[in-house]
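Down below is the structure, laid out as C-alpha cells.
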Amino acid sequence: LLTESLMLALLGGALGLGFAYGGIRFFAAAAQTMVPTDIPVVIEAQLDMRVLGFSLLAALASALLFGLAPAWQFSRPHLSSALAEGGRSGAAGLARQRARTLLLVSEVALAVVLLIGAGLFVSSFVKLVRVDLGIETSNVLTVGVYPRVDFNAAPDRRDADLTRAGVLVRAVVERAQSIPGVEAVAMASGTAPLSGGWSRTSFSIPGQPKSEDPDDSPDVKSVTADYFRVTRIPLLRGRAFTEADTVKDAEPVTIINDIAARRFFGDKDPIGTVVETNGKRTIVGIVRAVRLGGPEAPLRPEVYLPFNFDRAFGGTMYLRTAGDPEALSTAARAAVQSVLTDVVVPDTLTFDAMYDRLIVQRKFNMIVLALFGALALTIAAAGVYGVMAYTVQQRAQEIGVRMALGAQQGQVLRMVLVRAAIFMTIGVAIGLGAGWALARLITTFLFRVDPHDIGVYAVASSLLILTGLAAAFVPALRASKVDPMSVLRS
C-alpha cells in the first residue's frame with residue numbers, strides 16, 4: 001500500500017511539474033504584456049533545482065502523510081471489527097469514512113479561503129479602475145517638446161533663446177494640428193496628469209493670511225486654450241482660456257479646480273477674485289480636479305495659467321485623436337523632429353499607458369490570486385467527485401437493496417447529493433471562519449474594500465457549493481441508475 005501511494009504521488013508530482021512548466025511560460029508571457037512599454041522590466045520565471053527539489057519533497061510527504069496512515073491501519077487489522085464493518089453490505093469502516101470526510105472538508109475549507117482572497121482582490125481592482133480620474137484617458141497621445149535653451153547664458157542671450165523657443169513650439173503645435181486623425185492639440189508646462197508628481201506654487205488671497213500648510217500649495221500648469229478640450233477636464237463654472245489670454249500684455253488670469261475653490265473660498269464664488277499666484281491674477285473659471293497621481297492619489301488644489309508662447313522653454317504636447325493614438329505616434333514625433341531638428345525627440349506616451357503603469361502592481365496581484373482561486377476551485381471539485389464516486393461504489397450493495405425495496409431514482413440521487421451538500425456546507429463554514437480571521441492580514445493590499453465584505457464571502461461560498469454539487473452530480477446519477485438485481489447477484 002505504501003509503495004502504491006509513492007507511485008501515485010510521484011506520478012502526480014511529475015504530471016504537475018509538466019503542467020507547471022507550460023503554465024509558467026504562459027503566465028510569464030502574459031504578465032510581461034501587463035508591464036507598460038516604457039518600463040524596462042523583464043519578467044522571468046523558471047523551474048530550477050530548488051523548485052524541483054521542493055516538488056519531490058512535497059510528493060514524498062504527501063505519500064507518507066496520506067499513504068502511511070491507511071497502510072499502517074490495514075497492516076494491523078482487527079479482524080472481527082473489519083468483518084463486521086465490511087460484511088455483506090460492503091459499507092466502509094467508520095474510521096476510514098471519518099478520515100475521508102475530514103480530508104474533503106479540509107480541502108473545501110482551504111479552497112474557500114483562497115476564493116475569498118481572490119474575490120477581495122478582484123473586487124479591489126474593480127473599484128480601482130472605476131475611480132473617476134477627472135480626465136478622459138482614451139485617445140490621448142503625449143510627446144515632449146523641448147527646444148534648446150541655454151539658461152546659463154547672459155540675460156540677453158537667454159531671452160533670445162526663450163523667444164526663439166516660443167516660435168518653435170508654436171510651429172510644432174501647428175504641424176501637429178495638420179496630422180490626419182488629430183482632433184485637437186494643446187501644450188502644457190508642468191507635471192503631466194497621471195505622472196505621479198506635481199509642481200507646487202504659492203497661492204494666497206490679498207488681505208488674508210497666507211497658509212503655511214504644504215497641502216495648500218497647489219499644483220501649477222501653464223496650458224494653451226485647447227488643453228481642457230484635449231483632456232476632457234469638465235469646466236464647472238466661468239470660462240476656459242482663449243487665445244487672447246496667451247498674447248503678450250493680456251490681462252493676467254487663472255483657472256483653479258474645485259478642490260482649490262472649496263479650500264480657499266469655502267461657499268463663496270471665487271470667479272472674478274484677484275489672487276496672488278505667479279503675480280496677481282483674476283480667477284476666470286473653475287474646473288474639475290484631476291487625480292494627478294492616479295486612482296489611489298488624493299485630490300489636490302490645482303492652478304492653471306495661460307501658456308505664454310512668447311517665452312516658452314518647452315513642455316508636453318497633448319494630442320486628442322479620433323482613433324488609436326498609438327497609430328499616430330510616428331507622425332507626432334515626425335512633426336516635432338521636423339521643427340526641432342537639433343534635439344532628440346522623446347518617445348510618445350498615451351494616457352492609457354501612463355494609467356496602466358500606475359495600476360500594474362494591483363492588476364498583477366489580482367490575476368495571481370484569481371488564478372490560485374480557480375485552481376483551488378478545480379482541486380476542490382476533483383476532491384468532491386473522487387470521494388463521492390468512491391462512496392457510491394462502496395455503498396453499491398446498500399443502494400441496490402434500497403432500490404429493490406422500492407426506492408426511486410430521484411430518492412437515490414437526492415440521497416447522494418444531500419451527503420455531498422453536507423460535506424460542502426461544513427467545509428464552507430470552516431473556510432468562512434478562517435477567511436474572516438485571516439482577511440485582516442491583506443487589508444493593506446486592498447483598495448476601498450472591506451476585508452469582511454459579505455458579498456465577496458457569499459459569492460465565494462455559493463460558487464464553491466455549486467461547483468461541488470456539480471462535481472457530485474455524476475456519481476449521484478450513476479448511483480440512481482444501479483441495477484438492483486446485478487448488484488445483489490454480485
ask   = Of the accessible area of segment 231-353, with the probe set at 1.4 angstrom, what percent is carbon plus sulfur?
value = 51 percent
inquiry  = Using the crude model of +1 on Lys and Arg Cβ and -1 on Asp and Glu Cβ, and no other charge, please compute the dipole size for segment 212-315 relative to its Cα centre, in debye to 20.
reply    = 320 debye
ask   = Which whole-Hz couplings ³J(HN,Hα) result when phi for each residue of segment 180-188 is put into the Karplus expression 6.51 cos²θ - 1.76 cosθ + 1.60, θ = phi - 60°, listed in order with x for Gly and Pro?
value = x, x, 8, 8, 7, 9, 9, 10, 8
request  = Work out from phi, with θ = phi - 60° and the Karplus expression 6.51 cos²θ - 1.76 cosθ + 1.60, the ³J(HN,Hα) of each residue of segment 447-461, listed in order in whole Hz, and give x for Gly and Pro.
outcome  = 10, 6, 10, 6, x, 10, 5, 4, x, 5, 5, 5, 5, 4, 5
ask   = Which of Ala63, Gln337, Gly23 sits closest to the plus end of the dipole of the chain, meaning its Cα is farthest towards the positive end, when Lys and Arg get +1 and Asp and Glu get -1 on the C-beta?
value = Ala63
task = Pop the C-beta distance of Met7 and Arg448 into the FRET formula with R0 = 45 Å and round what comes out to the nearest 0.05.
result = 0.35
ask   = Which value, in debye to the nearest 20, describes the size of the charge dipole of segment 242-288 about its Cα centre when Lys and Arg Cβ atoms bear +1, Asp and Glu Cβ atoms bear -1, and nothing else is charged?
value = 220 debye
note = Given backbone amide H placed at 1.01 Å from N, residues whose amide H is under 5 Å from that of Glu183, ignoring those fewer than 5 places away on the same chain, are Arg320, Thr321, Ala322
request  = State the number of lysine pairs found in the chain whose Cα atoms come within less than 26 Å, restricting to pairs 8 or more positions apart or on distinct chains.
outcome  = 9
ask   = Taking the highest mean first, how do the peptides 267-277, 216-226 order by number of other beta carbon atoms within 10 angstrom per residue?
value = 216-226, 267-277
inquiry  = With +1 on the Cβ of every Lys and Arg and -1 on the Cβ of every Asp and Glu, and nothing else charged, how large is the dipole of segment 225-376 about its Cα centre, in debye rounded to the nearest 20?
reply    = 480 debye
ask   = Quick one: how many Å² of Ile379 are accessible to a 1.4 Å probe, rounded to 10?
value = 80 Å²
request  = Give the relative contact order (percent, whole number) for segment 370-480; include only Cα pairs under 8 Å separated by 6+ residues.
outcome  = 52 percent
For the chain, accessible area per residue (1.4 Å probe, heavy atoms of protein chains only), Å² = 53 Å²
inquiry  = Once R0 is set to 60 Å, what does the formula 1/(1 + (r/R0)^6) return for the Cβ-Cβ distance between Arg158 and Ser462, expressed as a FRET efficiency to the nearest 0.05?
reply    = 0.30
remark   = Longest principal axis of the chain (C-alpha) makes with the long axis of helix 49-75 (C-alpha) an angle, in degrees to the nearest 10, of 30 degrees
request  = Would you work out what percent of the accessible area of segment 401-480, with all protein chains in place, is carbon or sulfur (probe 1.4 Å)?
outcome  = 71 percent
note = Ignoring ligands and nucleic acids, Leu371 exposes an accessible area, probe 1.4 Å, in Å² to the nearest 10, of 90 Å²
task = Working from Cα positions, state the angle (0 to 90°, nearest 10) between the long axis of helix 351-394 and the longest principal axis of the chain.
result = 10 degrees
request  = Round to the nearest 10 and give me the degree value, 0 to 90, for the angle of helix 329-339's Cα axis relative to the longest principal axis of the chain.
outcome  = 20 degrees
ask   = Hey, of [x] 1.03; [y] 1.48; [z] 1.11, which did the structure itself give for Cα Rg over 2.2 N^0.38 Å when calculated?
value = [y]
remark   = Under 5 Å from the placed amide H of Thr350, counting only residues 5+ away or on other chains, we find Thr142
note = Of the candidates Gly181, Val487, Val253, the farthest towards the positive dipole end of the chain (Lys/Arg Cβ +1, Asp/Glu Cβ -1, centred on the Cα centre) is Val487
remark   = Non-local residues with an amide H under 5 Å from the amide H of Val303, with H modelled 1.01 Å from N and Pro and chain starts lacking one, are Asp219, Val220, Lys221
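The values are calculated or read from the model by the stated rules, or taken from the named source; none is laboratory data. Keep in mind the model is a prediction, meaning the values are calculated, not measured. Heads up, the Cβs are rebuilt from the backbone with ideal geometry, glycines too, and the neighbour counts pull from every protein chain shown. When the accessible area is computed, the model is the full protein with side chains, heavy atoms only, and any ligands, DNA or RNA have been set aside. Shrake-Rupley method; radii C 1.70, N 1.55, O 1.52, S 1.80 Å.
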